[in-house]
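See below for the structure under consideration.
The values are calculated or read from the model by the stated rules, or taken from the named source; none is laboratory data. Owing to the predicted nature of the structure, the values given are computational and were not obtained by experimental measurement. Note: ideal-geometry Cβ built from the backbone for every residue, glycine included; neighbour counts use all protein chains shown. Surface areas here come from the heavy atoms of the whole protein model, side chains and all, with no ligands, DNA or RNA. Shrake-Rupley method; radii C 1.70, N 1.55, O 1.52, S 1.80 Å.
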Amino acid sequence: MHNKTLAELAQGLQSGEFSSVELTSHYLDRIKSLDEKTNAFITVTEEHALAQAKQADQLRADGKAGALSGIPIAHKDIFCTEGVKTSCGSKMLDNFIAPYESTVTQKCNESGLIMLGKTNMDEFAMGSSNESSFYGACHNPWDLDKIPGGSSGGSAAAVAARLAPIATGTDTGGSIRQPASMCNITGLKPTYGRVSRWGMIAFASSLDQAGPMAQTAEDAAMLLNVMAGLDLKDSTSMDQPVQDYTADLNNGLEGLRIGLPKEYFAEGLNGSVKAVIEASIKELEKQGAIIKEISLSTTNLSVPAYYVIAPAEASANLSRFDGVRYGYRCEDPQNLEDLYKRSRGEGFGDEVKRRIMIGAYALSAGYYDAYYKKAQQVRRLIKNDFANAFNEVDVIAGPTAPTTAFKMGEKTSDPVTMYLEDIFTISVNLAGLPAITVPAGFADGMPTGLQLIGNYFQEAKLLNIGHKYQQATDWHKKTPEQFA
Amino acid sequence: MSIDHDQVAKIAELARLNIEPAQMDQYAENLSSILDLVDQLQAADTDGIDPLANPLDAVQRLRPDQVTETNQREHFQKNAPSADKGLFLVPKVIE
């Protein structure tokens, strides 16, 4: 049952092959017996899930079920879920029971999806390896000694280990695509503003975007149909019509112009990863796509620009965690300043503290122009670079990450080395563009993802290319042996 | 750009973060290497380029100035460490 895609599960429920309670129990049993290996979940909401499943079965019996009614899903622990712990991977929110539901999870609930639980993540979504979670590192189902990627590593591992058929993730600098690539699943980061950020714990507000994580592009399209749309509660949500993202999946690729940025295939890209990506591009060419070399000359500036803008926004967003109203509070504060400093010093982990300090520094008097303003100017250069590229090509293709998943602990002592894991994903967030990663093969035994970047609101085209690629290949069907 | 202990202490003060003295070396080293990375920005020619704050160049959407939310004070205070008569109770911090 757990190797079925979303479309197959919907069919199984529709035909009565199994009920939602049976399906949900199957996944809950798998989580119980297998999750100690991956640590993909922070919270499992068994009772809640079974109650939702019963309700879904009743709706189906009454002829009122929707397309996805009764199918389980795992939510990244960054989404507020009413009455359920929402920790954001942090000690700071270890005791936080959200009093309201995020728009994304609300939409999932309304469509009849069953919440299995909340998945592990880097603390406050800051990280590329899922090692900074207060709840311990999450493990890659393909090699338990390796990282699953971050920060949506728990969601990626849960789908890869078939502990959930689909999951939600968020992507600030590559946090959906990079773990999806490292765990052999499909992940889509939509255009900035396509999916509501309301009720999603903010990291860097001008970069954060929620999106689907799934086994296939078709499944991701079905989940995006649920998630996307204008939300008046989020003032950055875009008022653009939502299309049916499954409608164009089977369009042919003849004449599609695909740009390969030479900077994405230069030094720094692992040779085995490069070979896998080149082979995957050949497959798209075989289907009629026209391949063209392009240049994105600002690529090397994206990581430095990101590590000014994201920490600056994070330092402002995380100032709300002061130990006063909710969240972690230190023992016996001596005065107000002591309360703030010790609550924050004890409640936040090292990576979060590093980023808050970089942000505070970049925004401080005397450094604002040199760092923050400069980074925002570079951000426009990056956006312009993409705009020029899209005058020549329809989509841009390349690797999702420069390496496959690395060993735990390998990069924790050197944050800058870790930051470079996101070099191919970060510029997409700075420009606000949509991008997808699809399983493209294995390099030295570990999964590798092909990334496709589209122009604004071109999610359907990316899903279409991903789907056509998956119809011609079977990389996405491969599952880690001990989770088969 | 190299950051020393005093500067780490100053930034931590600005950010209202308590940093243990034993961790100062590690923070100084890490923050210095991050600032070295960030300094690569200085090589970019940004003369006459407008800063970009929103990736879509969008402006804040406004709504009529009308109350749309219902009062859920009790519900929202349920999760507070301590609340009484509709108020958050916090540790005494002013003598």
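Miscellaneous remarks
- Each part reduced to its alpha carbon centroid, the range B:1-59 and the range A:58-80 end up 43 Å apart.
- Within straight-line cross-link reach of A:Lys407, lysines at Cα separation under 17 Å, skipping those fewer than 8 residues along the same chain: A:Lys37, A:Lys146
- Magnitude of the charge dipole for the range A:83-125, about its Cα centre and with charges confined to Cβ atoms of Lys, Arg (+1) and Asp, Glu (-1), is about 60 debye.
- Net dipole in debye of the range A:114-238 [+1 Lys, Arg Cβ; -1 Asp, Glu Cβ; about Cα centre; nearest 20]: 200
- Spacing of the modelled spin labels on A:Ala387 and B:Gln66, each 7 Å from Cα toward Cβ, amounts to 3.7 nm.
- Dipole of chain A [Lys/Arg +1, Asp/Glu -1 at C-beta], most positive-end residue of A:Ser319, A:Pro212, A:Pro402: A:Ser319
- Solvent exposure ordering (accessible area, 1.4 Å, most first) of A:Tyr368, A:Tyr100, A:Tyr27, A:Tyr328: A:Tyr368, A:Tyr100, A:Tyr328, A:Tyr27
- For the range A:291-387: lysine pairs under 27 Å (alpha-carbon distance), excluding those fewer than 8 apart on one chain: 6
- Chain B - Kirkwood radius from inverse mean 1/r over Cα pairs (Å): 19.4
- The protein assembly as shown - convex hull of alpha carbons, volume per residue in Å³: 159
- With R₀ fixed at 45 Å, the C-beta to C-beta distance from A:Asn3 to A:Phe265 puts the FRET efficiency at about 0.85.
- Rounded tilt (10° steps) of B:24-38 against the dominant C-alpha axis of chain B: 70
- Figure note: B:Asp25, A:Asp422 ranked by solvent-accessible area, largest first, 1.4 Å probe, ligands and nucleic acids not counted: B:Asp25, A:Asp422.
- Relative to the Cα centre, the charge distribution of the protein assembly as shown, modelled as +1 at Lys and Arg Cβ and -1 at Asp and Glu Cβ, gives a dipole magnitude of about 840 debye.
- The figure for B:His75 is an accessible area of roughly 50 square angstrom, using a 1.4 Å probe on the protein chains alone.
- Exposure of A:Tyr361 as accessible area (Å², to 10), given a probe of 1.4 Å and all protein chains: 10
- Set A:Lys189/A:Lys477; A:Lys32/A:Lys54; A:Lys76/A:Lys468; A:Lys64/A:Lys478 screened for pairs whose C-alpha atoms are more than 24 Å apart: A:Lys76/A:Lys468; A:Lys64/A:Lys478
- Here the range A:317-351 and the range A:354-410 have alpha carbon centers that stand 30 Å from each other.
- Computed with a 1.4 Å probe on the full set of protein chains, the accessible area for A:Lys292 sits at about 80 Å².
- Ranked by solvent-accessible area (1.4 Å probe, protein heavy atoms only, all chains present), the residues A:Arg379, A:Arg60 order from largest to smallest as A:Arg60, A:Arg379.
- Here the gap between A:Val242 and A:Asp369, fully extended at 0.36 nm per residue and compared with their Cα-Cα distance, gives a gain of 41.9 nm.
- Positive-end residue, the range A:184-258 charge dipole about Cα centroid, Cβ charges, pick of A:Ala221, A:Ile258, A:Trp198: A:Trp198
- Quotient of C-alpha Rg and 2.2 N^0.38 Å, computed over the range A:290-345: 1.98
- Mean separation of Cα contacts under 8 Å, 6 or more apart, over the residue count of chain A: relative contact order %: 18
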